[in-house]
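The values are calculated or read from the model by the stated rules, or taken from the named source; none is laboratory data. In this text, all values refer to a predicted model and were calculated from it rather than measured experimentally. Neighbour counts are summed over all protein chains in view; Cβ atoms, including those assigned to glycine, are modelled from backbone coordinates with ideal geometry. The accessibility values were calculated without ligands, DNA or RNA, using every heavy atom of the protein model including side chains. Shrake-Rupley method; radii C 1.70, N 1.55, O 1.52, S 1.80 Å.
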Amino acid sequence: MFRDVSSCNSYNYGDALYWDARYIQEAECFDWYQRYSALRPFVRKYIPTSSRILMVGCGNAVMSEDMVKDGYEEIMNIDISTVAIEMMGRKHAHIPQLKYMQMDVRDMSLFPDDSFGSVIDKGTLDSLMCGTDAPLSASQMLGEVSRLLKPGGVYMLITYGDPNVRMPHLSRPVYNWKIELYIIPRPGFEGKAMPSIESCSEPIPLSEKGLLPPDFVLEDPDCHYIYICKKMDEGPTIVALNP
Ligand SMILES: C[S@@+](CC[C@H](N)C(=O)[O-])C[C@H]1O[C@@H](n2cnc3c(N)ncnc32)[C@H](O)[C@@H]1O
């Protein structure tokens, strides 16, 4: 089963009340877009198992639990939905590698700067982009993500948003992120409209503006994108010497 926030339609994906109501109705765990098994090659390539990870907008996905089974040592899961956080906190109370906190990604001031080696976002920026004041929400969220990442750390964004709609938000110089992009097929579409996930192992070469090259043929407009945003080290401080 697979769902996509690919159009904002009539649902208010940016609203905490919407998500609370939804998680009360649908208590069964569910992963949006992709399961960990499909994302594993990318997660293992960019995120060391010892990294302290922040999973933003965890919902009731199985992803974090699967990552712990695969050796990941510490995952802090946050979500705006109290219902989801209480449900998942209870379910995983016996797994010390998993922690849960109710929090809005636009204000994560409880965490100090440089708290995490990696941040994973599967569908959460997408939800904010469907809410009111979407550009403001996106810049608040990404500012917080950038602040919380250690230099050298990675923000991994799994989204339906192509570079035309996501790069203007991700490529702001203030974040100082080096960005790589992968495109993967939707579950069930491997080998049909697109090659298999295994053959998507190379990043797509991007244009100077960070967009898909003009001759790039997108076989399936409903594919998923993985943006790897690496926080670059601070440049050297230049000190002006008095003559
Ligand atoms: C599309 S779902 C994805 C859930 C999960 N990451 C997955 O892959 O299945 C988006 C999640 O973002 C959460 N969310 C929406 N706005 C949020 C915000 N401002 N702060 C934190 N979480 C938020 C929702 O409660 C929901 O669980």
Where GluC sites (Glu not before Pro) fall in DSSP loop in the range 6-97, at most 12 other Cβ within 10 Å: E26, E28
Theoretical ellipticity at 222 nm over the chain - DSSP helices of four or more residues, -39500 (n - 2.57) apiece, nearest 500: -8000 deg cm²/dmol
Solvent-accessible area, 1.4 Å probe, carbon plus sulfur percent, for the chain: 54
Neighbourhood net charge (12 Å Cβ-Cβ; Lys/Arg +1, Asp/Glu -1) for Y175: +4
Pairwise FRET efficiency - D215 versus A16, Cβ, R0 = 35 Å, nearest 0.05: 0.25
Rounded if a/c under 1.5, otherwise prolate or oblate - the chain, Cα gyration tensor axes: rounded
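Below 13 Å Cα-Cα, how many Lys pairs turn up in the chain? Only count pairs eight or more apart in sequence, or on different chains, if you could.
Lysine pair count for the chain: 7.
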Solvent-accessible area per residue, Å², over the range 66-114 with all protein chains present [probe radius 1.4 Å]: 51
DSSP beta bridge pairing in the range 12-159, given as percent antiparallel to the nearest 5: 5
Candidates D79, D215, D162: whichever shows maximal mean-square fluctuation once the chain is modelled as a Gaussian network with Cα springs under 10 Å: D215
Environment charge at L142 (Cβ cut-off 11 Å; Lys +1, Arg +1, Asp -1, Glu -1): +2
